[in-house]
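Every number in this text was worked out from the coordinates using simple rules, so none of it is lab data. These numbers were taken from a predicted model, which means no experiment stands behind them. Neighbour counts are summed over all protein chains in view; Cβ atoms, including those assigned to glycine, are modelled from backbone coordinates with ideal geometry.
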Amino acid sequence: MPFTAAPVDARRLPTPALRRFAWGVLAYFIAVILWGTVVRATGSGAGCGDHWPLCNGTVIQHSPRAATMIEFTHRLSSGIAFLAVVGLLVWTFARTVHGHLARVTVAAAVVFTLIEAAIGALLVKLGLTAESHSPLRAPYLALHLTNTLLLVAALALTAHFLGRSAGYLRGGIRVAAPFSTIVCCLALLAVGVTGSLAALGDTLFPAHSLAMALNQDFASKSAWLVRWRWVHPTFAVLASVFFLWVLARAAQRSAYWNNRPLALLVLILLAVQYSLGVLNVLLLAPVWLQVTHLLGADLLWTAFVVLAARITLEPAPPVSS
C-alpha cells in the first residue's frame, strides 16, 4: 500500500514561490561565502580596521582602498544574507504546519547565521585577519568553516523539506542507517576544515614554484600550517571511502523517490573536486582557483546533504488500522 500523507490545510502548504526563495537564499549564501574567500585570499580582512560592524568607524567610506571595498562589500552582503534567512524563517513558519521539518532546519539556519556573524566579529576585533600569524587564527578559522558548512546544510535541508510531498513531519519519517551517514558527514566536515587551514597556509606562506612548495611541505623550519598541508588531501581520499557506501546505498531502489540521478551528480562533483585539488597544487593556489575549488566544495556538500536526507529520513510506512 503506497504512503499517503495526512490531509493538511492547503493554506499551510509550502508554495512554489517559497521553495524557490529557499533555494535562492542558499545560492546567495554560497555567493557570500565565496566572496569571503576573496577577502581572505587577497589579505583584505583588515580593510575596515578593527571596527565592527562599522567600517573604519564610519558607514560611508571616503576614498576607500581596494582592501576596504572588498571587506566592506562582504559585510554588506552578509547583512543582506541575515535579512534573507530571517525572511525565510517567517515565511516558512507561515506556510507550514506544526511539526514540519523545515521549521527545525530554518530555525537552525538563523542560529548558525548569528554564530557566523559573531565569529566574523571576533576575527576582526582580535586582529585575526590579513597577514596575522597569531596561533589563534587557525582554530578560529576552523570553527568558522565548520559553522559555515552547518549553515549551508541547514539551508539545503530547509529547501529540500519544503519540496517534499511526504515525509516532512517529525512523526512521519523513518530513520534508516543514521550512523554511517553521520560518519560520512563528519568526514566531509574534516575535509572542509583541513582544506581551510591549507588555504590559510597558502595565503600566509605563498610559494613561487612547485618545487618550492614541496620543499616547504617537508622542511622542519616551515610553519605547521605548511607542514600539515598534506592532511587535507589525505582526509579527502579517506572520506571517499564513506562516499562509496552512501552512493552504493543511493543506487538501490527506493519506494518513495529515485536517488540515482542525485547520486550520479554527487559522484561527478566529487571527481571535479579531485581535479580542482590537483590543479590547486600545480598552479600554486591562485585566488580564482581557490574560489572555484570552494564553490565545488559547497555544491558537493549541498548535494550530499540532500542525498543523505533522502536515504536516511524516508517517509514512514502507513500504520495499518
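Reducing the range 76-94 and the range 112-161 to their Cα centroids gives an inter-centroid distance of 18 Å. Helices assigned as whole DSSP H runs in the chain whose Cα atoms extend at least 24 Å along their own long axis and whose mean Kyte-Doolittle hydropathy is -1.0 or higher are found at 16-41, 66-95, 101-125, 137-162, 178-204, 231-251, 260-282, 287-312. Mean sequence separation of contacting Cα pairs (under 8 Å, at least six apart), scaled by the length of the chain, corresponds to a relative contact order of 23 percent.
Using just the helices of the chain, give the 222 nm mean residue ellipticity in deg cm²/dmol: DSSP H runs with n ≥ 4 each add -39,500 (n - 2.57), and the total is spread over all residues, rounded to 500.
Numbers: 10 runs with 217 residues, N = 321.
Value at 222 nm, helices only, nearest 500: -23500 deg cm²/dmol.
Each part gets one Cα centre, and for the range 265-321 versus the range 163-242 those centres are 12 Å apart.
In terms of surrounding Cβ atoms within a 10 Å radius of their Cβ, Arg174, Arg19 rank from fewest to most as Arg174, Arg19.
Here is the short version for the chain: Cys184, Cys185 have no other Cys C-beta closer than 4.7 Å. Summing charges over neighbours of Trp52, with a neighbour being any other residue whose Cβ is under 9 Å away from its Cβ, gives +1 when K and R count +1 and D and E count -1.
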